[in-house]
Amino acid sequence: MSSDINLTKLFWNVQFIYELVLAQEELEAFNIEYQIVNNLRSFNVFNIPDEEEFIKRTAYFEVVKGEPSLYSKITKANLTRSINQYLTHWYYPYKGKFHPQMIRALLNIMKVEKGETILDPFIGSGTLALESQLMGINAIGTDISEVCTLISKVKTQSLKWLPNIQEECENLSSSIGDIVEDSESKIIKEISKLVESIKIQEVRNFFLLAKLIAHSDKSRRSKKSFKKSFESNAEKMIESLNMFNELRNTYNLDLGETEISQADVRNLKIPSDSIDGIITSPPYSIALDYVENDKHALSALGYDIETIRNEFIGLRGSGKSKIDLYNQDMKIAYQEIDRVLKEDKYCTIIIGNAILNKKKIETIELTIDIFKNLGYTLVKNVDKIIFGLYNIMQMEKILIFKKE
Ligand SMILES: C[S@@+](CC[C@H](N)C(=O)[O-])C[C@H]1O[C@@H](n2cnc3c(N)ncnc32)[C@H](O)[C@@H]1O
């Protein structure tokens, strides 16, 4: 009982076992009967209760019963060569971000519906906010770092201001054209002044991010001058927004709202029992130094690097005390997460065990224990490879908990 009519194909980039697991979970979430064919890359599907919805929402299937999925079209609105960097996902070179395709699949597996609200209290570069927006789901994103809240806002809230941004870009290029390029520091000061004087906050944020990307280019010793880098970043960012606009109009996308703010996860300004789902990846204890990574951008925003470190989970203390402080902080963070999540809803944590002085730090086990004590059931526990990013960690876990 197999025919090409039923053929449903994975995206060409799906290559890891965890992706295949999530693809199967997607089919299960939509109550689809299936059979795997063709060396695990294709599936024969026999019964799709809501085919239209599946074509709109699936993350891992490029073709559903011979028809291209909506996601296959979304991922083509891409200025970069990387499949993950479509639309505004590429804005700012943030280290350790989620794979957007995985987030889309998790939203399906957790059955978060259009119009509901999802939270990421460690929003980082805003991957969850943009992915949920594309599915019509509202997102709340918070982070301790202003660089992160800025990136997340600009990625998800600039589209509404596209005509103003385009107009401002023209004004800026004529003002910047008048600046005499005698010293780089003078140019940075002049560009900062011009950006600060932009009246509409969303438009100002857009150009502030273009400037922070130029700082980041400079810190990576780009050969481009600061002025060139700022101008070309802004232009490319606008090109992506135009693609976003076209995509929204062509496919009649009903985008979800996003609310992004700076907050400490240990004290969220969110009402209790108000959130329909959480997907987050906490700081990886000692594996990644988020302040060091974004040092240039945080300094450009006026932060004192040493003072700010104390507010970041995983950066306080040293040696064993660092781990103890991390564990204490994460316990408080998870209690706060529990407070805001509604009953019967899912919370997904993506977390790995780092190695310190050749000893494994058991963050995964700690996370499972805390959630069990809070009354959650671990409904899925998926091994996920970390590909080419850290040498300190090779694997992490996708832990899906249900608040019973
Ligand atoms: C693993 S990253 C999140 C990456 C994100 N999933 C993405 O796709 O870009 C962890 C984040 O935790 C944030 N963070 C650290 N301490 C925090 C705290 N006390 N409150 C809120 N966020 C914090 C860091 O700024 C960092 O952005």
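Overview of values
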{"item": "The stretch 4-74 shape via C-alpha gyration tensor axes, a/c threshold 1.5", "result": "rounded"}
{"item": "Most fluctuating residue given options Arg41, Arg221, Arg248, as computed from a GNM of the chain linking Cα atoms under 10 Å", "result": "Arg221"}
{"item": "Apportionment of accessible area to carbon and sulfur, the chain, percent (1.4 Å)", "result": "47"}
{"item": "Computed [θ] at 222 nm, helices only, for the chain once each DSSP H run of length n ≥ 4 contributes -39500 (n - 2.57)", "result": "-13500 deg cm²/dmol"}
{"item": "Calculated FRET value between Trp12 and Leu79, using beta carbons and R₀ = 22 Å, to 0.05", "result": "0.70"}
{"item": "Volume in Å³ per residue [convex hull over Cα atoms, computed for the stretch 260-404]", "result": "122"}
{"item": "The stretch 159-250 - Kirkwood radius from inverse mean 1/r over Cα pairs (Å)", "result": "13.6"}
{"item": "Nitroxide proxy distance, nm - points 7 Å out along Cα→Cβ at Glu113 and Thr377", "result": "2.1"}
{"item": "Percent breakdown of C-alpha pair distances by 5 Å bin, ordered from the shortest bin, for the stretch 235-274", "result": "6, 16, 14, 17, 12, 8, 17, 10, 1"}
{"item": "Probe 1.4 Å, protein heavy atoms only - accessible area per residue of the chain in square angstrom", "result": "45"}
{"item": "Charge dipole magnitude, Cβ of K and R +1, D and E -1 - the chain, Cα centre, debye nearest 20", "result": "1180"}
{"item": "Debye, to nearest 20: dipole size of the stretch 159-250, +1 on Lys, Arg Cβ, -1 on Asp, Glu Cβ", "result": "460"}
{"item": "Distant alpha-carbon pairs in the chain (separation over 29 angstrom), percent", "result": "47"}
{"item": "The stretch 4-74, dipole about Cα centre (Lys/Arg Cβ +1, Asp/Glu Cβ -1), debye to the nearest 20", "result": "260"}
{"item": "The chain: antiparallel DSSP beta bridges as a percent of all, rounded to 5", "result": "65"}
{"item": "Separation of alpha-carbon centers, the stretch 277-320 and the stretch 221-247, rounded to whole Å", "result": "27"}
{"item": "Projected-area mean, the stretch 1-121, by convex hull of Cα positions, square nanometres", "result": "8.3"}
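The values are calculated or read from the model by the stated rules, or taken from the named source; none is laboratory data. Since the model is a prediction, treat every value here as computed from it, not as a measurement. Glycine gets a Cβ as well: all are built from the backbone with ideal geometry, and neighbour counts include every protein chain shown. All accessible areas refer to the heavy atoms of the entire protein, side chains included, with ligands and DNA or RNA removed. Shrake-Rupley method; radii C 1.70, N 1.55, O 1.52, S 1.80 Å.
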